[in-house]
Amino acid sequence: MSKPVIATATLAGCFGCHMSLLDIDERILELIELVEFNKSPINDIKTFTKQCDIGLIEGGCSNSENIEVLKDFRKNCKILVSLGECAIMGGLPAMRNGIPIRECLEEAYITGPTVRMNTKKILPNDDELPMMLDKVYPCHEIVKIDYFLPGCPPTADLIWNALLALVTGDELKLPYEVVKFD
Amino acid sequence: MKEKVQNIVKKFHNDRSRLMDILLDIQKDFNCIPDEAASIVATLLNMSKVDVNQTISFYHFFSKEPVGTYAVYLNNSAVACMMGREEVARAFEEEVGTSFNSVTEDGLIGLWDTSDIGMNDQEPAAIINGIVFTNLTPTRVKEIVIGFREGKDISEMVDKYGDGQNSNELIRSMVNNNIRKKGPVLFSEYEVGMAIRNVANYSPEQTIEIIKNSNIRGRGGAGFPAGLKWEFCCKSGGEEIYLVCNADEGEPGTFKERVILTELPMLLFEGMIIAGYALNAKEGILYLRYEYKYIKDYLEDVLQQLRNLNLLGNNIAGKGGFNFDIRIQLGAGAYVCGEESGLIESMEGKRGEPRNRPPFPVQKGYKNMPTVINNVETLSSVVKIILNSPEWFKAMGTKESAGTKLLSISGDCKHPGIYEIEWGMTINEMLEMVGASSVQAVQVGGPSGVCIDPSQFARSISFEDLPTGGAMIVIGENRDLLKEFVMNYTDFFIEESCGSCGPCRSLTVILRNKLQKIMDGKGVKADIDELYEWGNYMKQVNRCGLGQTAANPILTTIENFRPLYDSLIKTDDDFVSTFNMEKAVADSCKYVGRVPKL
Ligand SMILES: Cc1cc2nc3c(=O)[nH]c(=O)nc-3n(C[C@H](O)[C@H](O)[C@H](O)COP(=O)(O)O)c2cc1C
Ligand code: SF4
Ligand code: SF4
């Protein structure tokens, strides 16, 4: 039997969840034995080359591209997992949800304390750029998500245990330390 | 400003625990609590300003910005909406020229939504500058707004007074009592002071024994045996013991306490004095919801009459050492302050956030001393138990529910109002009594209770079957149960959650959005299952009764009206997204000046 195929993506996230995945340390060698990676920033494969078994999504949806990528993952993965707080609830990026989009753009491109070069006060509006959404959406409001791994980021052990359970079909081990956050 | 604020703080002896009263006075004098006033208060009370601010921000009737020279607080609870609240709200907006939850530019008129104000039998109703206006209509709204513009005094605008003591010169309110059925306990004739003189002949222990023997259970909702509560409190061994009467009456649909406070305040205070004696408490506090402020002067006067009769104060009824006095503590608009430990926090001048229990209030309550908190109706009933006998009391009602119950009945019925019934009455009997036909559902016990369907109308109103704090809302056949009730009540809990517990703060909103999704025809079967599963989870993970029952409107309608939900599910798909790209990018594209590429 061929190895299960995994794909991963980061949407409106900070890459911390991917870092946590790498935090499984030497178990990564074991992982490579167990699974095959397809589209993922880890191996820099940019497009799906085959149907995958598991898709791990970090980050919520803040712009139109996030939505497209997420929908593409849903199409190409049998099981989709929201990895971390941002994917599950929007996380830190969702802090902007209460603020009018106009104010967010102004702060980021015109009035913010770190804006120095934008003397012409241009707001990015090139057609090639993704369009900003009215708010940051959690992934499960856009597509069906099968599993949720909480944490910011989820601990390496939680990700490892979950992947192992998905790949082997064994029961997921969830010791208290793995899902305790404070 | 400084001098004015200083005087107010001084009036309450620079006592931090009286922060509520201090802020209430400031709000009244300045029509808001200016930031500068908050700073002055903080300095004088030797508190951090953040602490003052967090109390201010907690309560609906405190505001940092002016709320309008005329501030209209219009009830938005379900029964108000049934009776035409929306038309009244639109009329206000049109006449005033501003939308709800804002103030006109000239600062003259503010329009505000507010949670249930205890007037379900005469809705739509609003509180304007502390005065209650009932049975509002768009025409009446026009007159009222003209009055505002003419600068009339608000009390001049009350055109006719309600029945009974509502026309008393200390109340002068248009509120009606709507007493429809007088029962043998609360509304029977009695001689003022007799019960107090009787207990003065007993020991406190004997008094508690009598109350225990009567099997009276708390009327505020939870139904804890009152005698046992008193006994636990006495055994806690604090230096001082406090008695608190809970007149927060915040559960949408209940208004019985409004009537007791208006018509039977002597009875209530006598009950408090008897409890005070049994507990050996020296101080009793009546926690009165802000919405009932219009009765406060009258209540103060009744207290003075009791003092004049030597039934309150020192050596009551001539008994040496029987010292007890009562003060009234006003709330400032927060449903959760009806929860006993939230109420204590509020009485101490803090945010009304419920405490972790244990310790229970009977162990460590007000000012960390053992405290008994009883409902208005519980304490009023005590008097008649003393005057008659525990056996007399137990002979009424059912085995586990002794005595009578005051019901506040409203909604689709001919005779909304107050009914004192014996426990054990069935819902069918009740519906007949109030003149209701073609009933789709009855909301028993308010939003935190249960919503039952006609197949259950043979059930009885009692602790063993259908317990209730007294709110009964009759829902007619033609009502949209989900939109008019379940949604309204869920919004109520969202608004009133104190925010301490994550699930109570957030899951309520998630449940609401899911319900909206289903109502919009975008739900899938899994959404109903999740509503139910997550709603049940709320019972286990929240600190107080508010969060534990906040999903009840959803849960009990899924249980009893499942076809309503099923009929809204339009697809066999297992997932439907409500996301709409066009809408989601419209604003940002417009602002940066590009055409959305969809
Ligand atoms: C959110 C919430 C609101 C409550 N509101 C009231 C209220 O307005 N009046 C009341 O008597 N009890 C209310 N209760 C119940 C009180 O916590 C307490 O049980 C009651 O006042 C005790 O008095 P009793 O034993 O005489 O019923 C509320 C409870 C919760 C959880
Ligand atoms: S959940 Fe935390 S670690 Fe993961 S992307 Fe969001 S912010 Fe980063
Ligand atoms: S359950 Fe809700 S209202 Fe009660 S303490 Fe928790 S957050 Fe506050």
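Taken together, B:131, B:109, B:144 contain a single residue that is in contact with a strand residue (DSSP E or B) (Cβ under 6 Å, 6 or more places away or on another chain) and among the hydrophobic types (A, V, I, L, M, F, W, C), which is B:109.
Exactly one residue out of B:385, B:409, B:421, B:427 is buried (at least 24 other Cβ atoms within 10 Å of the Cβ), among the aliphatic types (A, V, I, L, M) and under 24 Å from residue B:116 (Cβ atoms), and it is B:409. Has region B:523-546 got at least one residue that is in contact with a Lys or Arg (Cβ under 9 Å, 6 or more places away or on another chain), within 16 Å of ligand 3 (Cβ to nearest atom) and over 30 Å from residue B:378 (Cα atoms)? Among the residues of region B:523-546, at least one is in contact with a Lys or Arg (Cβ under 9 Å, 6 or more places away or on another chain), within 16 Å of ligand 3 (Cβ to nearest atom) and over 30 Å from residue B:378 (Cα atoms), which makes the answer yes. Here residue B:64 passes the criteria (1) in contact (Cβ under 8 Å) with a residue 24 or more places away in the chain; (2) over 19 Å from residue B:351 (Cβ atoms) except the one numbered (2). The single condition from (1) assigned to a loop (DSSP other than H, G, I, E, B); (2) surrounded by 24 or more Cβ atoms within 10 Å (Cβ to Cβ); (3) without any contact (Cβ under 8 Å) to a residue 60 or more places away in the chain that residue B:254 fails is (3).
Each residue in region B:135-175 was checked for being crowded, with 19+ Cβ neighbours inside 10 Å, in contact (Cβ under 8 Å) with a residue 40 or more places away in the chain and under 15 Å from residue B:292 (Cβ atoms), and 6 of them qualify.
Looking only at region B:257-291, which residues are of a type in the set (Asp, Glu) and surrounded by fewer than 24 Cβ atoms within 10 Å (Cβ to Cβ)? Result: B:263, B:283. Contact map, region B:183-201: first residue over 12 Å from residue B:317 (Cβ atoms), second residue in a loop (DSSP other than H, G, I, E, B) and not hydroxyl-bearing (Ser, Thr, Tyr), Cβ cut-off under 7 Å, separation 6 or more or different chains; pairs are B:184/B:396; B:185/B:403; B:186/B:264.
Of everything listed in (1) surrounded by fewer than 17 Cβ atoms within 10 Å (Cβ to Cβ); (2) under 19 Å from residue B:255 (Cα atoms), the single unmet condition for residue B:480 is (2). Among the residues making up region B:454-477, those that are surrounded by 20 or more Cβ atoms within 10 Å (Cβ to Cβ) and not hydrophobic (A, V, I, L, M, F, W, C) are B:462, B:467, B:468, B:469, B:470.
Just one of the listed residues (B:220, B:284, B:227) is modelled with pLDDT of 95 or more, within 23 Å of the chain's Cα centre (by Cα), within 16 Å of ligand 1 (Cβ to nearest atom) and of a type in the set (Gly, Ala, Ser), namely B:284.
Filtering A:72, A:127 for residues that are surrounded by 13 or more Cβ atoms within 10 Å (Cβ to Cβ), without any contact (Cβ under 8 Å) to a residue 60 or more places away in the chain and not small (Gly, Ala, Ser) leaves a single hit, A:72.
Scanning region B:107-141 for residues that are charged (D, E, K, R) and over 19 Å from the mean Cα position of the chain (by Cα) yields a single hit, B:140.
Scanning region A:93-137 for residues that are hydroxyl-bearing (Ser, Thr, Tyr) and in a helix (DSSP H, G or I) turns up A:109, A:111.
The number of residues in region B:191-216 that are crowded, with 17+ Cβ neighbours inside 10 Å and part of a loop (DSSP other than H, G, I, E, B) comes to 3.
I'd like the full set of residues that are in a loop (DSSP other than H, G, I, E, B) and surrounded by fewer than 16 Cβ atoms within 10 Å (Cβ to Cβ), limited to region B:27-46.
We begin by selecting, within region B:27-46, every residue in a loop (DSSP other than H, G, I, E, B); these are B:31-34, B:46.
Within region B:27-46, B:46 is the sole residue that qualifies.
Scanning region B:386-430 for residues that are out of contact with any Ser or Thr (no Cβ under 6 Å at 6 or more places or on another chain), under 18 Å from residue B:449 (Cα atoms) and hydrophobic (A, V, I, L, M, F, W, C) returns B:406, B:407, B:409, B:425, B:427, B:430. Residues in region B:553-591 that are over 30 Å from residue A:134 (Cβ atoms), of a type in the set (S, T, N, Q) and in contact with a Leu (Cβ under 8 Å, 6 or more places away or on another chain): B:557 only. When the test is whether a residue is under 21 Å from the mean Cα position of the chain (by Cα) and of a type in the set (Gly, Ala, Ser), residue A:156 passes it. In the set (1) without any contact (Cβ under 8 Å) to a residue 24 or more places away in the chain; (2) in contact with a Cys (Cβ under 9 Å, 6 or more places away or on another chain); (3) in a loop (DSSP other than H, G, I, E, B), the condition left unmet by residue B:99 is number (2). Only one of A:88, A:101 is buried (at least 17 other Cβ atoms within 10 Å of the Cβ), within 14 Å of chain B (Cβ to nearest Cβ) and more than 24 Å from residue B:514 (Cβ to Cβ); which? Answer to the selection: A:101.
Say whether the condition of being surrounded by fewer than 16 Cβ atoms within 10 Å (Cβ to Cβ) and more than 16 Å from ligand 2 (Cβ to nearest atom) is met by at least one residue in region A:9-18. So that I can check it myself, show each step before the final result.
We begin by selecting, within region A:9-18, every residue surrounded by fewer than 16 Cβ atoms within 10 Å (Cβ to Cβ); these are A:15.
Within this subset, residues satisfying the condition of being more than 16 Å from ligand 2 (Cβ to nearest atom) are none.
Looking through region A:9-18, none of the residues is surrounded by fewer than 16 Cβ atoms within 10 Å (Cβ to Cβ) and more than 16 Å from ligand 2 (Cβ to nearest atom).
Filter region B:545-598 down to residues that are among the hydrophobic types (A, V, I, L, M, F, W, C), more than 8 Å from chain A (Cβ to nearest Cβ) and under 25 Å from residue B:531 (Cβ atoms), then give me how many there are. Number of matching residues: 11.
Here is a yes/no grid of residues against (1) within 16 Å of ligand 2 (Cβ to nearest atom); (2) among the small types (Gly, Ala, Ser); (3) within 13 Å of chain B (Cβ to nearest Cβ); (4) in contact with a Gly (Cβ under 7 Å, 6 or more places away or on another chain):
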residue: A:107; (1), (2), (3), (4): no, no, yes, no
residue: A:116; (1), (2), (3), (4): no, no, no, no
residue: A:120; (1), (2), (3), (4): no, no, no, no
residue: A:140; (1), (2), (3), (4): yes, no, yes, no
residue: A:152; (1), (2), (3), (4): yes, no, no, yes
residue: A:161; (1), (2), (3), (4): no, no, no, no
residue: A:171; (1), (2), (3), (4): no, no, no, no
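Among the residues of region B:541-574, write down those that are out of contact with any helix residue (DSSP H, G or I) (no Cβ under 9 Å at 6 or more places or on another chain) and among the acidic types (Asp, Glu). Correct list: B:573 only. Return the residue satisfying two criteria in turn: it lies in region B:486-505 and is crowded, with 22+ Cβ neighbours inside 10 Å and near ligand 3 (Cβ under 6 Å from one of its atoms), and of such residues it is nearest to residue B:78 (Cα to Cα). Result: B:497.
When A:57, A:42 are checked against the criterion of being more than 16 Å from ligand 3 (Cβ to nearest atom), within 11 Å of the chain's Cα centre (by Cα) and farther than 16 Å from residue A:2 by Cβ, A:57 stands alone in meeting it. With a requirement of 1 or more residues that are within 16 Å of ligand 3 (Cβ to nearest atom) and in contact (Cβ under 8 Å) with a residue 12 or more places away in the chain, the helices (runs of 4 or more DSSP H) lying completely within region B:291-397 that satisfy it span B:340-347.
The values are calculated or read from the model by the stated rules, or taken from the named source; none is laboratory data. Just so it is clear, the structure is predicted and the values come from calculations on it, not from any experiment. Counting neighbours? That spans all protein chains shown, and the Cβs are built from the backbone with ideal geometry, glycine included.
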